[in-house]
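For reference, the structure is listed below as structure tokens.
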Amino acid sequence: MFDVPTMVIGIYVSHWVGNKKESVAGFAASMDWYVSSYYIDSVSKEMYRKFEFDSLFENAIKKFTIANKDIAPLRIIVYRDSESDLQNDKIYASEVPQLKNAILKCKTNGLYTEE
């Protein structure tokens with residue numbers, strides 16, 4: 001699995017948080033090939049609205065690249081929890097394009113020099 005620069009991302013979502021009844025997502029991304037250091041962040045939103053992870057994905061890719069002496073991740077693995085298997089298709093349809101968009105932005109900004 002780690003034959004190329006690989007980033008592992010974990011996303012956990014919790015609903016009905018605080019007095020405002022928000023949803024909060026915790027985000028962790030590995031910063032090295034050994035998966036031993038991490039970039040962590042979180043984002044909150046109103047209940048029942050989709051999460052916007054574009055900037056978290058982009059920041060994680062940039063930080064990985066800096067931490068690895070200008071080597072961007074060539075493989076990104078995302079572990080994402082959901083409340084039920086019925087949500088998987090909806091999550092996939094919403095969040096995979098966000099990751100692809102973040103990768104494209106990073107390519108446009110010169111972080112990726114190879115395919």
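The values are calculated or read from the model by the stated rules, or taken from the named source; none is laboratory data. All of these numbers come straight from a predicted model, not from anything done at the bench. All Cβ positions, glycine included, derive from the backbone under ideal geometry; neighbour counts span all protein chains shown.
Summed over segment 83-115, the residues that are exposed (fewer than 11 other Cβ atoms within 10 Å of the Cβ) and either closer than 24 Å to Val35 by Cα or not charged (D, E, K, R) (or both) give a count of 8. When segment 74-94 is limited to residues that are modelled with pLDDT under 90 and of a type in the set (A, V, I, L, M), the one that is nearest to Glu58 (Cα to Cα) turns out to be Ile91.
Criterion applied to Ser42, Ser94, Ser36 was being in contact with a Gly (Cβ under 7 Å, 6 or more places away or on another chain), polar (S, T, N, Q) and closer than 30 Å to Gly110 by Cα, and the one residue passing it is Ser42.
Can Asp32 be described as at pLDDT 95 or above, in contact with a helix residue (DSSP H, G or I) (Cβ under 9 Å, 6 or more places away or on another chain) and not hydroxyl-bearing (Ser, Thr, Tyr)? Criteria not met by Asp32.
Checked against (1) part of a loop (DSSP other than H, G, I, E, B); (2) more than 20 Å from Leu111 (Cβ to Cβ), Leu86 meets all criteria but (1).
Cβ separations smaller than 9 Å between residues 6+ apart or across chains give the following pairs from segment 6-27 residues that are at positive phi to residues that are in a strand (DSSP E or B) and surrounded by fewer than 17 Cβ atoms within 10 Å (Cβ to Cβ): Trp16/Glu22; Gly18/Val24; Gly18/Ser44; Lys21/His15; Lys21/Glu46.
Scanning segment 43-82 for residues that are surrounded by 13 or more Cβ atoms within 10 Å (Cβ to Cβ), aromatic (Phe, Trp, Tyr) and part of a loop (DSSP other than H, G, I, E, B) turns up Phe51, Phe53. Scanning segment 29-42 for residues that are of a type in the set (A, V, I, L, M, F, W, C) and either farther than 17 Å from Phe53 by Cβ or buried (at least 17 other Cβ atoms within 10 Å of the Cβ) (or both) gives Ala29, Met31, Trp33, Val35.
For segment 1-42, residues that are among the small types (Gly, Ala, Ser), more than 16 Å from the chain's Cα centre (by Cα) and not in a strand (DSSP E or B) total 2.
Selection of first residues in segment 59-72 that are closer than 14 Å to Ile40 by Cα and at pLDDT 95 or above and of second residues that are among the aromatic types (Phe, Trp, Tyr) and surrounded by fewer than 20 Cβ atoms within 10 Å (Cβ to Cβ), restricted to Cβ pairs under 6 Å at least 6 apart or on distinct chains, gives the following pairs, ordered by first then second residue: Ala60/Tyr39; Lys63/Tyr39.
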